[in-house]
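This report concerns only the one structure given below.
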Amino acid sequence: MDEVKRSSIGRFYKKPLAERQAIAQAWGQLNGDDLQALSDSGLSLAQADLMIENVIGRYSLPIALSTNFLINGRDYLAPMVIEEPSVVAACSYAAKLFREAGGFTASSDESIMIGQIQLLDLPAFESAGALILSRKEQILRAVNERGGSIAARGGGALDLEVRSFPGTLAGDMLVVHLLYDTRDAMGANAINSALEAIAPLIERISGGRVNLRILSNLSDRRLARASGSIPAQALASDRATGEQVVDAIVEAAVFAEIDPYRAATHNKGIMNGIDAVMLATGNDWRAVEAGAHAYAARDGQYRSLTRWRKDDAGNLQGAIEVPLATGIVGGATRVHQGAQVALKLLGVESVRELAEVTAAVGLAQNFAAIRALATDGIQAGHMRLHARQLALAAGGSEADAQLIAQQLIDEDCIRLERAKEIVKERKRES
Ligand code: NDP
């Protein structure tokens, strides 16, 4: 078992599916129901019908494990749900290089969410903010007296802030921020309920009119960070020295720091990893996406969420900082059995640990993309893996897909039209 508990599982990608499932079972101590959830969608039709509106069925995506993660000295297999080929392979490869240099160091903030109350029609706009802040204790108490699991676990309302927007198109506007520790939950419902509960009190205190009461997805009090380094020699290839590759990666990173057009694509690569873990664990990946992109533009220009530099010894150093409003309770995390299995596989004991692993996955994914872009280009590797999807899209059977993909690669013609011809030829032959 100790041996299995190392996430550097040799040639995991080469193993048959059943063997990979057996490794997952041992790793996460999965039971029969868990295995069943991995094999079907993890969600019954009846559950799906209760989850959203107007349901007509279920829709599946693959769940995979990214290997090699070593974060704060602990081994992880990262569960990822994604439809795009090459993401998981790239992530595992990147995690291996970081692992060999000691792995990732990660940290995170407490689960502090920001809720917003929009106040208009204030009789005394200039003094309203100070008036509200002077009653802060009363307002916070009004939230925390509502009780519930979050308060019982030491969370709840922590602070109030007031932001002033005079002379807007909608008139003078005051925005009250409620800082709220949501503990193990992502917390959108929890904080929205708290905001709705205290809005009448805020109206009474200020004499104004409350319009919106809603969380902010720019959860910048809830940041997760990961960093790591890779020795230059580990980056050497047939065509370039390690030092050249480090320099090319730093150049690529600077490009994404200064140019929003590049930053958008750079950050999309990061979100390939982050979203995949969020989806696997039943988290609201749109909320995380919104937060990440808003944070990337926090100084007025949209920029990269990561930073890559060469250290004094010439090695590559990478770091990411990103808001990660994640949950291990609430939302779909407890309803979707696939999400429960993903959490078991991760073995995280807290929501902060989930955020830290997710940040490390984002950093690994980003490294893999910019290393490929700054060396061979991504298409060579990507298209080889894409070939299997083309084989399926061309009507090839699951049994034939690998062979058809290999033929496309051997012929150096990874195209749907050619895949269709091969499928036809194989049908004629059989
Ligand atoms: P839930 O309301 O499903 O779960 C949170 C609740 O779980 C808490 O309020 C608490 O309720 C209970 N709970 C039990 N144990 C714990 C614990 N250890 N720590 C914290 N809470 C605990 O979900 P969230 O509030 O997390 O909201 C997430 C959902 O909101 C997602 O589905 C998201 O898609 C959705 N959403 C997102 C929005 C956005 O991002 N803009 C907007 C609106 C909704 P209690 O105290 O009553 O026991």
Quick calc: nm separation of the 7 Å Cα→Cβ label points for Leu17 and Gln244 -> 4.2 nm
Just to confirm the number: angle between the C-alpha axis of helix 416-429 and the first principal axis of the chain, 0 to 90 degrees, nearest 10? 50 degrees
For the chain, what is the Kirkwood estimate of the hydrodynamic radius, computed as the reciprocal of the mean inverse distance between distinct Cα atoms, to one decimal in Å? 23.8 Å
What does the net charge come to around Ala276 if you take all other residues with beta carbon closer than 10 Å to its beta carbon, with K and R at +1 and D and E at -1? -3
Gaussian network model of the chain, springs between alpha carbon atoms under 10 Å - residue of Lys14, Lys344, Lys268 with greatest fluctuation: Lys14
Where the chain is the region considered: accessible area per residue in Å², 1.4 Å probe: 49 Å²
As I understand it, the value is the acute angle between the Cα axis of helix 285-296 and the longest principal axis of the Cα atoms of the chain; what does it come to in degrees, rounded to 10? 80 degrees
For region 228-311, the percent of accessible surface on carbon and sulfur atoms (probe 1.4 angstrom, ligands and nucleic acids excluded) is 54 percent
Crossing angle, helix 260-280 versus the chain [Cα axis fit, 0-90 degrees, rounded to tens]: 90 degrees
Of all the Cα-Cα pairs you can form in region 381-429, what percent are over 13 Å apart? 42 percent
Under a GNM of the chain (C-alpha, springs under 10 Å), which listed residue has the highest mean-square fluctuation: Ile370, Ile409, Ile23? Ile409
Would you mind telling me the antiparallel percentage of the DSSP bridges in the chain, rounded to 5? 95 percent
Using the Cα centre of region 53-145 as origin and beta-carbon charges of +1 (Lys, Arg) and -1 (Asp, Glu), tell me which of Leu122, Phe69, Pro85 is placed farthest towards the positive end of the dipole. Phe69
Expressed in nm², what is the orientationally averaged projection area of the convex hull enclosing the Cα positions of region 112-215? 5.8 nm²
Quick one: what does P(r) look like for region 146-290 with 5 Å bins over all Cα pairs, in whole %? 2, 7, 11, 13, 14, 12, 11, 9, 7, 5, 4, 3, 1, 0, 0
In whole percent, and with a 1.4 Å probe on the protein chains, what portion of the accessible area of region 381-429 is carbon and sulfur? 48 percent
Build a GNM of the chain with springs between Cα atoms under 10 Å: which of Arg371, Arg307, Arg74 gets the top mean-square fluctuation? Arg74
With charges only on Cβ, +1 for K and R and -1 for D and E, what is the dipole size of region 381-429 about its Cα centre, in debye, rounded to 20? 140 debye
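The values are calculated or read from the model by the stated rules, or taken from the named source; none is laboratory data. Remember, predicted model here, so these are calculated numbers, not experimental data. Note that we place each Cβ from the backbone using ideal geometry, even for glycine, and neighbour counts take in every protein chain shown. Accessible surface is based on the protein model in full, side chains and every heavy atom, while ligands, DNA and RNA are left aside. Shrake-Rupley method; radii C 1.70, N 1.55, O 1.52, S 1.80 Å.
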